[in-house]
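For reference, the structure is listed below as structure tokens.
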Amino acid sequence: MSRWKRVIGNGLRSQTDGRQATEVAIAADVLNRMLELGRPEYVRIA
């Protein structure tokens with residue numbers, strides 16, 4: 001939740017429902033990219 005608030009702030013900036021949905025979708029994409037960059041890649045050694 002802390003990262004989410006850092007990405008989008010305490011509230012949405014848009015006023016209309018359609019724009020708010022777009023803003024949330026963009027913020028979720030950014031958050032997912034941040035998490036993907038920080039996630040280690042595991043390689044199985046046989």
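Note the listed values [x] 1.22; [y] 0.95; [z] 1.12, then indicate which one is Rg/Rh (Cα atoms, Kirkwood Rh) calculated from this particular structure.
[x]
Which order do the peptides 18-25, 32-39 take when ranked by the mean count of other beta-carbon atoms within 10 Å per residue, highest first?
The densest-packed peptide leads the list: 18-25, 32-39.
Helix 17-38 versus the longest principal axis of the chain: what is the Cα-based angle in degrees, 0 to 90, to the nearest 10?
20 degrees
Under the rule of -39500 (n - 2.57) per DSSP H run of 4 or more residues, summed and divided by the residues of the chain, what mean residue ellipticity at 222 nm is obtained, to the nearest 500 deg cm²/dmol?
-20500 deg cm²/dmol
Where a number appears in this text, it was derived from the coordinates with a stated rule and is not lab data. None of these values were measured; they are calculated from a predicted model. Glycine gets a Cβ as well: all are built from the backbone with ideal geometry, and neighbour counts include every protein chain shown.
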